[in-house]
Amino acid sequence: MSFNDLPPQPPLNPQADLYGERCLALSRAALASTRSVLDVPYGSDYWQKVDIHLPQDASLKDLPVLLFFHGGGWTHGYKEWCGFMAPALVDAPAIVVSASYRLLPQVDFPLPLEDGLAALKWVFDHIGEYGGARDRIYVGGHSAGGQVASLLATHKAWRAGAGLPGDCIKACFCISTTFNRRVVNPDIAPDHVTGEDPDGVSPASSLYHASSADVPFFITWGGRELERYERFSRLMVDTLRAAGCPVVSHRFPECGHFDIHLNTANPDDLWTRTVRDWMRDGRFPAELGNRDVP
């Protein structure tokens, strides 16, 4: 895989295509400021790979780990879309693992979700070989990747079935996520339209499992996104809080669906600062309270 071996993907829309090009350019440039181990397999399929981004100091051990999943509406995207995030996080210090997963329509749903679980299991089993701490694993994702991450964090039985301990995820960081399986765009993947009510709650979604969640969440969305992102984000926040699960949220009023993710490359971005603090302290920041971040 890597930058010189990315299978071409059909156009999605002009904004999304420009965002993808920008992510790849920024991630390629970011390799100069991290130690990166690319294309590590967590399964046998071409797409089942991770990129591991590490601090420059190779002597550091027991580091917190962020396993992050790209977006792309289940049909598009590469793990290389997220490497640009690494420089602002690895000097915390921390490790950033960006994961690819199989995409529709080449595979059936829920195989992308199963790949997310397999990637988490690989990180738990092997990240110690790279200086990471298996008891300091965090998950996150943008858009569809946020759905993968949030299901890992909310579906306890799913984790247990993979042989993972109940507390293997310390927190979940979701950017612009609907938290509910959407009907796939019929123009892109006509054989994968679910026929479900897009406003209903799918059993294959983190929102369905949120009422019993106990993993802390940091949920963010943009004020210039499609309405469903704010609606489902607020519903997820409310459901988690009703369950007694720690959750902090923030609405970036000037951000759209793509720049909210690109902004995470900035060490002073609120999302990046919050994630660095959570991973450094290893606990939910009680001083924030169970509320929105101002």
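The values are calculated or read from the model by the stated rules, or taken from the named source; none is laboratory data. Note that the structure is predicted; figures quoted are calculated from it, not measured. Counting neighbours? That spans all protein chains shown, and the Cβs are built from the backbone with ideal geometry, glycine included. Just so you know, the surface numbers come from the protein's heavy atoms only, side chains and all, with ligands and any DNA or RNA stripped out. Shrake-Rupley method; radii C 1.70, N 1.55, O 1.52, S 1.80 Å.
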**OP:** Provide 42, 138 ordered by accessible surface of protein heavy atoms (probe 1.4 Å), highest first.
**Re:** 42, 138
Original post:
Restricting attention to the alpha-carbon atoms of the chain, what are Rg (one decimal) and Dmax (integer), both in Å?
Top reply: 17.3, 52
Subject >> Accessible surface of the chain, 1.4 Å probe, proportion on carbon and sulfur as whole % >> reply: 52
Original post:
Any idea of residue 173's accessible area? Nearest 10 Å², probe 1.4 Å.
Top reply: 0
Subject >> Partners for residue 79 among lysines (Cα-Cα distance below 21 Å; same-chain residues under 8 apart left out) >> reply: 49, 121
**OP:** Leaving ligands, DNA and RNA out of it, rank 80, 21, 114 by accessible area with a 1.4 Å probe, largest first.
**Re:** 21, 114, 80
Original post:
Rounded, prolate or oblate: which fits region 1-148, taking a ≥ b ≥ c as square roots of the Cα gyration tensor eigenvalues, rounded meaning a/c under 1.5, else prolate when a/b beats b/c?
Top reply: oblate
Subject >> Dipole of the chain, positive end: most advanced residue of 15, 88, 256 [Cβ charges, Cα centre] >> reply: 88
Original post:
What accessible area, in Å² to the nearest ten, does a 1.4 Å probe give for residue 6?
Top reply: 40
Original post:
Can you pull the accessible area of residue 250 for me, 1.4 Å probe, Å² to the nearest 10?
Top reply: 20
